[in-house]
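Undergrad: Below: one structure in structure tokens.
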Amino acid sequence: MEPKDRLIFALDVASREEALNLVELLHNDVGLFKVGWELFMAAGPQFLLDLVGNYDHSRIFLDLKIYDILNTLKGALKNIVSGVALVTIHSDLPAGGLTAILKEIDGGFKVLAVTLLTSLSGKNLRGLGYAAEYAEDPSRLVLLRAKSAQAAGCHGVVCSGQEAGKVKEACGQDFLVVCPGIRPSWSAVRGDDQERVVTPFEAMKNGADFIVVGRPIRIAIDPVAAARQVAEEMTAGLAARGK
Ligand code: C5P
């Protein structure tokens, strides 16, 4: 796998046309395309079917962070468009019931649990009623949830690059770690909502299998050049791993 194959581009746009233009523009320079709520609401499952039909199956990540009672979760997972490679669920779900569901579902996709949104800081957690130990150090909550997701049979987690190393250490190298909240030093995102951010270099150095980048590439004057720059920094991060 080349470093660019580990780069997931977030298609956070509000129309099918805009999304297809970005896919056309970037398909040689990124590994996977991530469809989240904004595009899913605008273009629906049909957009996924079109992507699956036109590009390699292993390149589509459906990031709806599904969170519901187990019966509804099961129904949603059973109905995911066939050909999607990665799917996210919430990690705040009972491990026992989740295990049974994941054993039953064979949609051909890998299930990742979102541990804690990268837009949340320790301060946010305090305000949301989390125990002081998690507000002081959100990585503790990420680790707790990563271990629970692994016990339930998830293939990996989504966490920030700040926690990637700890998750790999606790859950092993085969447990996938996917990191959003990536901000290269040159990123021009204004009024950013992301909190637990790292550079592409740091995320890869810390052990991420994949990184998710949206705005730093999308709003760049030249998105292709930005994606290539990110891939270069990823290459350097991979080389620095373990040193
Ligand atoms: O534009 P930006 O690089 O911040 O995009 C990050 C993407 O990763 C968004 O699509 C967001 O929904 C997603 N994401 C995240 N934090 C998580 C899980 C997913 O930012 N914990």
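Undergrad: Out of all the residues in segment 137-165, which are in a helix (DSSP H, G or I), within 12 Å of the ligand (Cβ to nearest atom) and in contact with a helix residue (DSSP H, G or I) (Cβ under 9 Å, 6 or more places away or on another chain)?
TA: P138, V142
Undergrad: So if I check each of A227, A240, A220, A236, which one is away from the ligand (no atom under 11 Å from the Cβ), more than 16 Å from the chain's Cα centre (by Cα), in contact (Cβ under 8 Å) with a residue 40 or more places away in the chain and over 21 Å from D137 (Cβ atoms)?
TA: Working: A240 fails: in contact (Cβ under 8 Å) with a residue 40 or more places away in the chain; A220 fails: in contact (Cβ under 8 Å) with a residue 40 or more places away in the chain; A236 fails: in contact (Cβ under 8 Å) with a residue 40 or more places away in the chain.
So the residue among A227, A240, A220, A236 that is away from the ligand (no atom under 11 Å from the Cβ), more than 16 Å from the chain's Cα centre (by Cα), in contact (Cβ under 8 Å) with a residue 40 or more places away in the chain and over 21 Å from D137 (Cβ atoms) is A227.
Undergrad: If you take the residues of segment 56-81 that are of a type outside the set (D, E, K, R) and open to solvent by 50 Å² or more (accessible area, probe 1.4 Å), which of them is farthest from the chain's Cα centre (by Cα)? Walk me through how you get there before you give the answer.
TA: Keep residues of segment 56-81 that are of a type outside the set (D, E, K, R), which gives 57-58, 60-62, 64, 66-67, 69-73, 75-77, 79-81.
Going one step further and asking which of them are open to solvent by 50 Å² or more (accessible area, probe 1.4 Å), we end up with 57-58, 67, 69, 71-72, 79.
Working: H57: 17, S58: 15, Y67: 15, I69: 22, N71: 24, T72: 22, N79: 20 Å.
Per the criteria, the residue is N71.
Undergrad: Considering each of G165, G153, G181 in turn, give the residue that is of a type outside the set (S, T, Y), at positive phi, in contact (Cβ under 8 Å) with a residue 12 or more places away in the chain and open to solvent by 10 Å² or more (accessible area, probe 1.4 Å).
TA: Only one candidate passes the filter, namely G153.
Undergrad: Cβ-Cβ under 7 Å, sequence separation 6+ or interchain: first residue in segment 106-126 and more than 10 Å from the ligand (Cβ to nearest atom), partner of a type in the set (F, W, Y). Which pairs?
TA: Once the first residue is more than 10 Å from the ligand (Cβ to nearest atom) and sits in segment 106-126, its partners that are of a type in the set (F, W, Y) give L125/Y134.
Undergrad: Every residue in segment 1-41 that is loosely packed, with under 15 Cβ neighbours inside 10 Å, among the hydrophobic types (A, V, I, L, M, F, W, C) and either modelled with pLDDT under 95 or more than 28 Å from M204 (Cα to Cα) (or both), please.
TA: Of everything in segment 1-41, those that are loosely packed, with under 15 Cβ neighbours inside 10 Å, among the hydrophobic types (A, V, I, L, M, F, W, C) and either modelled with pLDDT under 95 or more than 28 Å from M204 (Cα to Cα) (or both) turn out to be M1, A14, M41.
Undergrad: So in segment 107-123, with the set limited to residues that are of a type outside the set (S, T, Y) and out of contact with any Leu (no Cβ under 9 Å at 6 or more places or on another chain), which one is nearest to K65 (Cα to Cα)?
TA: V114
Undergrad: Let me ask you something else. Out of all the residues in segment 123-145, which are farther than 22 Å from C171 by Cβ and crowded, with 18+ Cβ neighbours inside 10 Å?
TA: A135
The values are calculated or read from the model by the stated rules, or taken from the named source; none is laboratory data. A quick note: this is a predicted structure, and the numbers were derived from the prediction, not measured. Heads up, the Cβs are rebuilt from the backbone with ideal geometry, glycines too, and the neighbour counts pull from every protein chain shown. Accessible surface is based on the protein model in full, side chains and every heavy atom, while ligands, DNA and RNA are left aside. Shrake-Rupley method; radii C 1.70, N 1.55, O 1.52, S 1.80 Å.
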